[in-house]
Amino acid sequence: MSDNPQGESGRLPIVLIIAPKAGKLRILPPKAFQEGREWIERDQPVALIEHGAGTEPDAVLAPVRGLMGGLMGRDGEPVREGQPVAWMEGVPDQTAVVKPVKDTA
């Protein structure tokens, strides 16, 4: 088991990103791309878990640096605490520099 309660990596390059609490899943937009793939930094929020009016949402954090693989839930769907909400490919910190997404708004 990982020291990070929001991810498990079991010595494989595939890492699950786990909901820290139950609530409504809200997917966050990508922040950086390289060679057409979304890169995520360790502890970067990839989603939020909303709990209702008047409460602060909980961030769903990437447990390692790597490439986003895919989502395992849809925006607005209810999730349980500990439920996988996305997966990613973990990579060593020596990987090439990533480019931030340009704001088109």
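Taking region 29-50 as the range and being over 13 Å from the mean Cα position of the chain (by Cα) and loosely packed, with under 14 Cβ neighbours inside 10 Å as the test, the residues that pass are Gln34, Glu35, Gly36.
Strands (runs of 3 or more DSSP E) fully within region 1-91 that include at least 3 residues being at pLDDT 90 or above and among the aliphatic types (A, V, I, L, M): 14-18, 45-50, 58-61, 66-71, 84-90. For region 14-47, how many residues are touching a Pro at 6+ places or on another chain (Cβ under 8 Å) and among the β-branched types (Val, Ile, Thr)? The number of residues fulfilling the criteria is 3.
Can you tell me which residue is modelled with the highest pLDDT among those in region 92-105 that are over 17 Å from Ile27 (Cβ atoms) and among the aliphatic types (A, V, I, L, M)? Of everything passing the filter in region 92-105, Ala105 is modelled with the highest pLDDT.
The values are calculated or read from the model by the stated rules, or taken from the named source; none is laboratory data. No experiment lies behind these values; they were computed from the predicted model shown. Methodologically, a virtual Cβ is constructed for each residue, glycine included, from the backbone with ideal geometry; neighbour enumeration extends over all protein chains shown.
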